[in-house]
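Visitor: I am attaching a structure below and will ask some questions about it afterwards.
The values are calculated or read from the model by the stated rules, or taken from the named source; none is laboratory data. Since this is a predicted model, take the numbers as computed values, not measurements. Every residue, glycine among them, receives a Cβ derived from its backbone with ideal geometry; neighbour counts consider all protein chains shown. These accessible areas exclude ligands, DNA and RNA; they are computed on the full protein's heavy atoms, side chains included. Shrake-Rupley method; radii C 1.70, N 1.55, O 1.52, S 1.80 Å.
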Amino acid sequence: MAKRIDPSQYVTVTTGAKLAGCTRAWMRRLVQRGHLPGLKIDGVWFVQREAAEGCRIHPTKGRPQE
């Protein structure tokens, strides 16, 4: 049986990346390395919504988004 999470507390890394203003790959890497609280369920990575919102990337840092 699949583990259930509270959708008000966790979002997919894709949504988390949009909230933080970074790429999906970067958000997934942050979760995998333990820099942000998250988990993997049935092959899908999730990140805590509050953590993703709190790590908003400054728009002038890094490479421009496509």
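Visitor: List the residue pairs whose Cβ atoms are under 7 Å apart, where the first residue sits in segment 8-29 and is among the charged types (D, E, K, R), the second is part of a helix (DSSP H, G or I), and the two are 6 or more positions apart or on different chains.
Guide: Partner pairs satisfying both residue conditions: R24/V13; R24/T14; R24/A17; R28/V13.
Visitor: At least 1 residues that are out of contact with any strand residue (DSSP E or B) (no Cβ under 7 Å at 6 or more places or on another chain), open to solvent by 80 Å² or more (accessible area, probe 1.4 Å) and modelled with pLDDT under 90 in each: list the helices (runs of 4 or more DSSP H) lying fully within segment 1-59 that qualify.
Guide: 49-54
Visitor: Let me ask you something else. I'd like the full set of residues that are farther than 22 Å from R4 by Cβ and not small (G, A, S), limited to segment 15-50.
Guide: Matches in segment 15-50: K18, C22, T23, R24, W26, R29, L30, R33, H35.
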